[in-house]
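We did not get these values from a lab; they are worked out from the coordinates using the rules stated. Just so it is clear, the model here is predicted, and its values are computed rather than measured. Cβ placement follows ideal geometry from the backbone for every residue including glycine, while neighbour counts extend to all protein chains displayed.
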Amino acid sequence: MYHKKKSDKLTYGIIGLGRFGHALATELARMGADFMVIDKDEEKIRDMRELTENAIVINSLEKNALMETGIQNCDIAIVCIAEHMDTSILTTLNLVSLGIPTVIAKATSEAHGVILEKLGAEVVYPERDMAVRLASRLENSQVLDFIQLSEKINISKILVPDELVGRTVQEMNFRSRFGLNIIAIENNSKVLETIQPDYKFCNKDVLIVSGSRESLLQLSEWAEKH
């Protein structure tokens with residue numbers, strides 16, 4: 001059973017390892033995120049164990065079976081099985097009823113998305129969101145990569161603005177000032193996952209942050225003014 005580590009980092013549960021789910025899991029692993037994956041395909045799960053110890057084979061997506069995996073301990077659950085609408089809807093309903101703070105579900109049509117929203121999920125449309133991702137990278141030269149999990153939750157890699165170099169995490173207080181959480185910091189192929197308040201931002205640091213697009217825009221606007 002999955003248990004959240006004692007950390008301020010957000011935790012993710014991914015259900016379904018098709019192309020979308022596999023790509024999402026791979027990217028979260030590369031960013032050092034804490035996540036679990038669930039799928040009925042043993043081979044897919046076996047491959048995923050190279051990225052996370054929390055890879056679980058499950059033959060049923062009923063509520064009790066999901067509870068046994070520990071996915072209810074995640075902050076965010078993402079349903080990546082939109083091709084089978086009935087399964088997608090039932091799984092989303094079960095996850096919402098487990099009390100997971102944020103449930104995100106992939107939809108293949110507007111009608112599918114409307115149903116998922118009524119169940120309490122945030123909905124993503126992968127093809128449309130790929131366009132949003134590209135636009136965000138073109139719009140802001142400091143954004144190196146961008147994953148939209150929902151309208152409110154994004155994971156972005158940004159090159160540290162020159163104005164932050166030499167300042168500490170505590171001094172900048174990303175959470176209260178910009179509404180962003182720092183997940184990790186990369187520099188010269190090294191990844192720092194535990195961010196201390198006294199850490200000083202360095203030249204060429206790459207910040208991996210989570211938050212809304214509006215929050216990223218606030219950071220960009222602040223950097224331009226200073």
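Worth pointing out:
- Modelled spin-label separation between Thr108 and Glu43, with each label point placed 7 Å from Cα along the Cα-to-Cβ direction: 2.1 nm.
- With neighbour counts taken as other beta-carbon atoms within 10 Å, the residues Val165, Val96 rank, fewest first, as Val165, Val96.
- Inter-label distance, nm, simple model (7 Å from Cα along the C-beta direction), Leu98/Gln218: 3.1
- In range of the label at Glu171: residues from the stretch 187-224 whose backbone nitrogen is under 12 Å from the point 7 Å along Cα→Cβ: 198-202
- Pairs from the list Lys44/Lys106; Lys44/Lys118; Lys40/Lys157; Lys44/Lys190; Lys40/Lys63; Lys63/Lys106 with a Cα-Cα gap above 23 Å: Lys44/Lys118; Lys40/Lys157; Lys44/Lys190.
- Ranked Val206, Val191, Val103, criterion: other C-beta atoms within 10 Å, fewest first: Val191, Val206, Val103
- Cα centre as origin, Lys/Arg/Asp/Glu Cβ charges: the stretch 170-226 dipole, Debye: 20
- In this simple spin-label approximation, Tyr199 and Asn73 carry label points 7 Å from Cα along the Cα→Cβ vector, and these lie 2.4 nm apart.
- Whole-Å semi-axes of the ellipsoid equivalent to the stretch 11-124 (Cα gyration tensor, √5λ, descending): 21, 14, 13
- For Val37, the residues 5 or more places off, or on other chains, whose built amide H falls under 5 Å of its own are Ile14, Ala55, Ile56.
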